[in-house]
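Student: Got a structure for you, written out below as structure tokens; questions coming shortly.
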Amino acid sequence: MESFQALPPLILKVHFYDARPDQLPQNHPFLTETECLNAIAELNKNYNAFNIFFKYDGLDYFENDEFYEIITIQNRTAFTNYLYDNDLYIAGASNVYSVTDINFSSSYQAFGGYGGGVFSLIGCKYDLIDNIDYPYVLTHETGHMFSLKHTFYDGPENDPGTKIENVARVGEDNFNADTHGDKIIDTYATPLSYSRTNCAYTDSLQDPVGRYYSDYPPQAKNYMSYAHGCQEEFTPGQVSVMRAYITLVDGLEGVTAIINNDVDILYQPYKGEYFLAGPLPVDENGHLNPPLFQYGFDYVFYDTSQAGVYNQPSSWDITNFWYGGITNSYDVNYATPITHPNHTAFKILQIDANNPRMCYNNFNKAPSGGTIIKFLDNVLNTNVTITAQDSTSINNPNLINNLDAGLYNIIENYDDGSSQETMIFKENN
């Protein structure tokens, strides 16, 4: 598995749509941006080890009673045509649709499209958004979109069984894993359903030639199995197939859903605006609109207050600016949108653990107030004096010159809720 870390990163966008009623009563909660961001974070946690990354591309909705209430196997094509005819997809992104119910010939709750057209399609029953199995379901359906099949054979009932994988592995009699089942050798032969205990196979079923599956027990923890509640891993063979498929269809004429993007899009906010000059940026409702980044990665921010001026973040390929110590960090399990403080640059450790990037060093933005903390013993302890500063005093160009000698922490506060701390040791004037 470690070898995938040496391969080029594959970065794909994901866009969400919420199907809502036109006339019918509302029977399920509207899909929220937070739920979409949680879904993207789960995808990244499950795929990033293979250098496959996902970028949240936004959330829209449409109103339609017919497709809001139920999607059956009979009208799935009609649903797809409706989306295409009404431009309800984002070209260049995998599109996820939240509907109130999906009920094919049995109790399936999601389906995956293979991305071989103008847009890909993943449908989710609405309650999968908060359901404990939801992270598994979207990871499973995304595997389908990247051409993976189930680890078991799930063909038509009247099929004589010629496509069912035998237990035999490479070099053994009756080996057919390269042509049957999911055609991936390192996923063992698996019946559709079986008994298991603590996600381990505990059944006495036999394959079509009479060999016990227990010789090479089915991998219940595989994302592409139906062992609900157990799924947490792919095999190297499955990852190889997914990466090969993404690379194969990327750039093909007519395929706009699976497009590999430049890595720098992960360093761009999914919404919001950097301050340049003048009034602070606001959204269409007049609320402060800082740049926000999706969570689900490891972020580390570094002080760049002594770097050159970058009134907007430096481009991704610039890494030669000055930077100091760590100012903030957020691990992969942090679950709140992340802002980019002024006078910092950051690393996304899953992408590049070596270089801070996107230096934002804007000196047009004046603080609205602040605090000066003087350490009376000239060491970091609790023997301090604290002096509040208004906007005039904190922006005084002679602020530091007017301080007595000693150790200080100068805290500048901004109208958008952010702050900047600068530790100085001032010697005699």
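Student: Please verify whether segment 278-285 includes one or more residues that are within 17 Å of G417 (Cα to Cα), of a type in the set (A, V, I, L, M) and assigned to a loop (DSSP other than H, G, I, E, B).
Tutor: So far as segment 278-285 goes, yes, one or more of its residues are within 17 Å of G417 (Cα to Cα), of a type in the set (A, V, I, L, M) and assigned to a loop (DSSP other than H, G, I, E, B).
Student: Take the residues in segment 158-183 that are buried (at least 20 other Cβ atoms within 10 Å of the Cβ) and of a type in the set (V, I, T); name whichever of them is modelled with the lowest pLDDT.
Tutor: Start the filter on segment 158-183 by keeping residues that are buried (at least 20 other Cβ atoms within 10 Å of the Cβ), which leaves 164-167, 177, 181-182.
From the residues that got through so far, the ones that are of a type in the set (V, I, T) too are 164, 167.
Working: I164: 89, V167: 96.
So, considering only residues that are buried (at least 20 other Cβ atoms within 10 Å of the Cβ) and of a type in the set (V, I, T), the one modelled with the lowest pLDDT is I164.
Student: Within segment 236-248, identify whether any single residue is in a loop (DSSP other than H, G, I, E, B) and either in contact (Cβ under 8 Å) with a residue 40 or more places away in the chain or not assigned by TED's automatic domain parsing to the domain that holds P9 (or both), and answer yes or no. Spell out the reasoning first.
Tutor: Step one: filter segment 236-248 for residues in a loop (DSSP other than H, G, I, E, B), giving none.
Checked segment 236-248: no residue is in a loop (DSSP other than H, G, I, E, B) and either in contact (Cβ under 8 Å) with a residue 40 or more places away in the chain or not assigned by TED's automatic domain parsing to the domain that holds P9 (or both).
Student: Looking only at residues that are farther than 28 Å from D87 by Cα and surrounded by 17 or more Cβ atoms within 10 Å (Cβ to Cβ) in segment 268-288, which one is farthest from the chain's Cα centre (by Cα)? Lay out the reasoning, then the answer.
Tutor: Start the filter on segment 268-288 by keeping residues that are farther than 28 Å from D87 by Cα, which leaves 274-282, 286-288.
Going one step further and asking which of them are surrounded by 17 or more Cβ atoms within 10 Å (Cβ to Cβ), we end up with 274-275.
On the way: Y274: 22, F275: 26 Å.
Only one residue fits best here, namely F275.
Student: Just a yes or no: is a residue in segment 335-356 of a type in the set (F, W, Y), closer than 20 Å to Q306 by Cα and assigned by TED's automatic domain parsing to the domain that holds P291? Even if it seems obvious, please write down each step before you answer.
Tutor: Applying the first criterion (of a type in the set (F, W, Y)) to segment 335-356 yields 346.
Narrowing the set further to residues that are closer than 20 Å to Q306 by Cα leaves 346.
Now narrow it down to the ones that are assigned by TED's automatic domain parsing to the domain that holds P291: 346.
The answer is yes; a qualifying residue exists.
Student: Among all residue pairs at least 6 apart or on different chains, which show Cβ distances below 6 Å where the first residue, located in segment 79-103, is assigned to a helix (DSSP H, G or I) and the second is of a type outside the set (A, V, I, L, M) and modelled with pLDDT of 85 or more?
Tutor: L83/Y89
Student: Tell me which of these N361 doesn't satisfy, since it passes every other one: (1) closer than 15 Å to E421 by Cα; (2) outside the structural domain of D298 (by TED's automatic domain parsing).
Tutor: (2)
Student: Taking the residues in segment 282-314 that are in contact with an Asp or Glu (Cβ under 6 Å, 6 or more places away or on another chain) and at pLDDT below 95 as candidates, determine which candidate is nearest to V332 (Cα to Cα).
Tutor: We begin by selecting, within segment 282-314, every residue in contact with an Asp or Glu (Cβ under 6 Å, 6 or more places away or on another chain); these are 288-290, 298.
Now restrict to residues that are at pLDDT below 95: 288-290.
Working: L288: 26, N289: 24, P290: 21 Å.
So the residue we want is P290.
Student: Continuing with this model, one more query. Can you name the number of the only condition in (1) over 21 Å from P290 (Cβ atoms); (2) of a type in the set (G, A, S); (3) surrounded by 12 or more Cβ atoms within 10 Å (Cβ to Cβ) that A345 fails?
Tutor: Every condition holds for A345 apart from (1).
Okay, residues lined up against (1) of a type in the set (D, E); (2) buried (at least 19 other Cβ atoms within 10 Å of the Cβ); (3) closer than 13 Å to Q420 by Cβ:
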| site | (1), (2), (3) |
| --- | --- |
| S314 | no, yes, no |
| G324 | no, no, yes |
| L349 | no, no, no |
| K365 | no, yes, yes |
| N378 | no, no, no |
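Student: Identify, please: which residue in segment 1-35 is at pLDDT 90 or above and loosely packed, with under 11 Cβ neighbours inside 10 Å and is, among those, farthest from G251 (Cα to Cα)?
Tutor: S3
Student: A further question on this structure: Taking the options G155, G117, name whichever one is assigned to a loop (DSSP other than H, G, I, E, B), over 30 Å from F30 (Cβ atoms), of a type outside the set (F, W, Y) and at pLDDT below 85. Let's see the steps before the verdict.
Tutor: Working: G117 fails: over 30 Å from F30 (Cβ atoms).
Testing whether each residue is assigned to a loop (DSSP other than H, G, I, E, B), over 30 Å from F30 (Cβ atoms), of a type outside the set (F, W, Y) and at pLDDT below 85 leaves just G155.
Student: Across segment 215-259, what is the number of residues that are closer than 18 Å to L10 by Cβ and either among the aliphatic types (A, V, I, L, M) or surrounded by fewer than 17 Cβ atoms within 10 Å (Cβ to Cβ) (or both)?
Tutor: So the answer is 17.
Student: Continuing with the same structure: Restricting to segment 187-235, count the residues that are in contact with a Gly (Cβ under 7 Å, 6 or more places away or on another chain) and touching a residue at least 40 places away in the same chain (Cβ under 8 Å). Reasoning before the result, please.
Tutor: Step one: filter segment 187-235 for residues in contact with a Gly (Cβ under 7 Å, 6 or more places away or on another chain), giving 187, 189, 208, 223-224.
So of that shortlist, the ones also touching a residue at least 40 places away in the same chain (Cβ under 8 Å) come out as 187, 208, 223-224.
Result for segment 187-235: 4.
Student: Could you please give the count of residues in segment 89-114 that are at pLDDT 55 or above and under 18 Å from V255 (Cβ atoms)?
Tutor: Going through segment 89-114, the residues at pLDDT 55 or above turn out to be 89-103.
Those left that are additionally under 18 Å from V255 (Cβ atoms): 89-96.
So the answer is 8.
The values are calculated or read from the model by the stated rules, or taken from the named source; none is laboratory data. These figures come from a predicted structure and were not determined experimentally. Neighbour counts are summed over all protein chains in view; Cβ atoms, including those assigned to glycine, are modelled from backbone coordinates with ideal geometry.
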